[in-house]
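This report concerns only the one structure given below.
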Amino acid sequence: MHKIAVIAGRELRAYFATPVAYVFIAIFLALSGVFTFYIGGFYERGQADLQPFFSFHPWLYLFLVPAISMRLWAEERKSGSIELLMTLPVTLWEAVAGKFLAAWLFTAVAVLLTFPLWITVNYLGDPDNGVIVAAYLGSLLMAGAFLAIGSCISAANRNQVVAFIVTVLICFLFLLSGFPLVLDWFRGLPQGFIDTIAGLSFLTHFTAISKGVIDLRDVVFFLLVIGSWLYATTIVLDMKKAE
């Protein structure tokens, strides 16, 4: 665990060592404000809550989170620094978990910097802060799932642009897997299989949590997705050692 923390700390410092991190955070905060107050009709709704804010998170993450994850391993492989990393006294799992944790913490920083919105709704009315806390938790879990997918795709590609595009496509399918756009592809298959595909929808699980209903099944779902894709990342990296 100590080695994971060391790797995560090093990677997190590397994020803030370049202007890219600050540009990303600025874009995230600006888009959050635009979606909440203008597109989401915050004032027109006449309700003191953050529902318009959180309802756009899946679509913000769909493009912004892959922009973070695309460099996790693709850059290491392209520059050749991955060979140096593999010679360090750390296991492959520790390296994967450390880099993922750094990216997740960086994303959490961007999300938590939206606290002025929380302060605003409390100033304007009397919102259910328990629901808001639950929505933040669901948002971070969903972001972690996106990052874990992006980590695996980044490990499989040397090209960051390819990693970005493929991650966006896969995350898009996971978002909408419970909707006809995806389910129509599986017409004619057993209903049990279709129900399983529908149950993989990030949007469905996140929406349930963002309403203040923290069902253990939704939390476990996101944690399983994160764990599965990180494990897949270690397998991909192990297979790519010879390249």
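The values are calculated or read from the model by the stated rules, or taken from the named source; none is laboratory data. Note that the structure is a prediction, hence the values are computed from the model and not measured. Note that each Cβ is placed from the backbone with ideal geometry, even for glycine, and that neighbours are counted across all protein chains shown.
List pairs: first residue in region 88-106 and closer than 15 Å to T233 by Cα, second residue of a type in the set (S, T, N, Q) and assigned to a helix (DSSP H, G or I) anywhere in the structure, Cβ distance under 6 angstrom, at least six positions apart or on different chains.
So the pair list comes out as L92/T234; W93/T234; V96/T233; V96/T234; F100/S151.
Can you tell me which residue is modelled with the lowest pLDDT among those in region 165-195 that are more than 14 Å from V225 (Cβ to Cβ) and among the β-branched types (V, I, T)?
By that ranking, first place goes to V182.
What is the residue count in region 167-198 for residues that are more than 21 Å from F54 (Cα to Cα) and in contact with a Ser or Thr (Cβ under 9 Å, 6 or more places away or on another chain)?
The total comes to 5.
Being among the aromatic types (F, W, Y) and surrounded by 16 or more Cβ atoms within 10 Å (Cβ to Cβ) is true for just one of F186, F202. Which residue is that? Can you show your working first?
Working: F186 fails: surrounded by 16 or more Cβ atoms within 10 Å (Cβ to Cβ).
On inspection, the qualifying residue turns out to be F202.
Only one residue in G125, G130 is over 18 Å from P52 (Cβ atoms), more than 20 Å from the chain's Cα centre (by Cα) and loosely packed, with under 15 Cβ neighbours inside 10 Å, so which one is that?
Values: G125 fails: over 18 Å from P52 (Cβ atoms).
After applying the criteria, what remains is G130.
Would you point out which residue out of L216, L173 is surrounded by 12 or more Cβ atoms within 10 Å (Cβ to Cβ) and more than 17 Å from L92 (Cβ to Cβ)?
Working: L216 fails: surrounded by 12 or more Cβ atoms within 10 Å (Cβ to Cβ).
After ruling out the rest, the residue left standing is L173.
What pairs come out if I take residues in region 1-30 that are within 12 Å of L101 (Cβ to Cβ) and in contact (Cβ under 8 Å) with a residue 24 or more places away in the chain and pair them with residues that are surrounded by 11 or more Cβ atoms within 10 Å (Cβ to Cβ) and of a type in the set (D, E) whose C-beta lies under 8 Å away, six or more apart or interchain?
K3/E94; I4/E94; I7/E94
Could you please let me know if I197 is out of contact with any strand residue (DSSP E or B) (no Cβ under 9 Å at 6 or more places or on another chain), within 19 Å of L60 (Cβ to Cβ) and surrounded by 15 or more Cβ atoms within 10 Å (Cβ to Cβ)?
Numbers: out of contact with any strand residue (DSSP E or B) (no Cβ under 9 Å at 6 or more places or on another chain): yes; within 19 Å of L60 (Cβ to Cβ): no; surrounded by 15 or more Cβ atoms within 10 Å (Cβ to Cβ): yes.
No; evaluated as a whole, the condition is false for this residue.
Every residue, every condition in (1) in contact (Cβ under 8 Å) with a residue 24 or more places away in the chain; (2) in contact with a Leu (Cβ under 8 Å, 6 or more places away or on another chain), yes or no:
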residue: V109; (1), (2): yes, no
residue: L113; (1), (2): yes, yes
residue: I119; (1), (2): no, no
residue: L124; (1), (2): yes, no
residue: D128; (1), (2): yes, no
residue: S139; (1), (2): yes, no
residue: M142; (1), (2): yes, no
residue: A145; (1), (2): yes, no
residue: R158; (1), (2): yes, no
